[in-house]
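Down below is the structure, laid out as structure tokens.
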Amino acid sequence: MIHIERLNSAHVPFVKKIQLSDESVRFASTADDFLLDSSDTTHRYVIKQYNLVVGFFKLDIDYASTYRFCSKSSVGLRTFAVDQRQQGKGLGTKTVEALLCYLAKHYHTYDFVYLTVNCKNPAAIACYRKGGFEDTGELYLGGQAGPQHVMRRKITV
């Protein structure tokens, strides 16, 4: 079972133990970078399976001010990463499904959740599609790792 929790100090040592492949780091971030990125508009979360921290992500409530493709009443999903030792078990898709329930409960004042996913990352694209995200048909060209698909999902209560 997947559980989403807002990052707190008790999670930090477990987040630091998350191992990411070089490719995952290229597309997302290192655990250390994730822990350093803190602001009032960036909400950091951990992904837990059976009380074990297996990944992390951020929700950016000011995503629209940085990315023109994002509507003002939307939140952005960033830095979504699952420990490489836990990959291939469907945890990404299960987390996306759990995230949508979480958003409907805790971010219900927003209309959509947006994300960008690298065009060279077919596993992540498939994960988001399975979780109900749609490709908007737009490409974001500002990423360091190359072109990215813009995807979104309606937040429904």
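None of the figures in this text is laboratory data; all of them are computed from the coordinates on show. Computed from a prediction, not measured in an experiment: that's the story for all the values here. Note that each Cβ is placed from the backbone with ideal geometry, even for glycine, and that neighbours are counted across all protein chains shown.
Compute the separation of the alpha-carbon centres of the range 92-124 and the range 31-66 and state it in Å as a whole number.
Each part reduced to its Cα centre gives a spacing of 12 Å.
For the chain, what relative contact order do you get, as a whole percent, if you take Cα pairs closer than 8 Å and at least 6 residues apart?
21
Could you list the trypsin sites (Lys or Arg not before Pro) in the range 63-157 that lie in coil according to DSSP, counting only those with at most 15 other Cβ atoms within 10 Å of their Cβ?
Taking the range 63-157 and a limit of 15 other Cβ atoms within 10 Å, the loop trypsin sites (Lys or Arg not before Pro) found are Arg68, Lys72, Lys89, Lys120.
Which whole-number value in Å³ per residue fits the convex hull of the alpha carbons of the range 1-83?
On the way: hull volume 8.6 nm³, N = 83.
Per residue, the Cα convex hull of the range 1-83 comes to 104 Å³.
Could you tell me which of rounded, prolate or oblate describes the chain, using a ≥ b ≥ c as the square roots of the eigenvalues of the alpha-carbon gyration tensor, with rounded for a/c under 1.5 and, failing that, prolate when a/b is larger than b/c and oblate otherwise?
Rounded.
Suppose every Lys and Arg Cβ carries +1 and every Asp and Glu Cβ carries -1, with no other charges. What dipole size does the range 2-154 come out with about its Cα centre, to the nearest 20 debye?
That gives the range 2-154 a dipole magnitude of about 380 debye.
Of the cross-linked pairs Lys17/Lys72; Lys48/Lys130; Lys72/Lys105; Lys16/Lys94; Lys89/Lys130, which ones have a Cα-Cα span greater than 24 Å in the structure shown?
Violating the 24 Å Cα-Cα cut-off are Lys17/Lys72.
Based on other C-beta atoms within 10 Å, arrange Thr116, Thr109 from fewest to most.
Numbers: Thr116 23, Thr109 9.
Placing the least packed residue first, the sequence is Thr109, Thr116.
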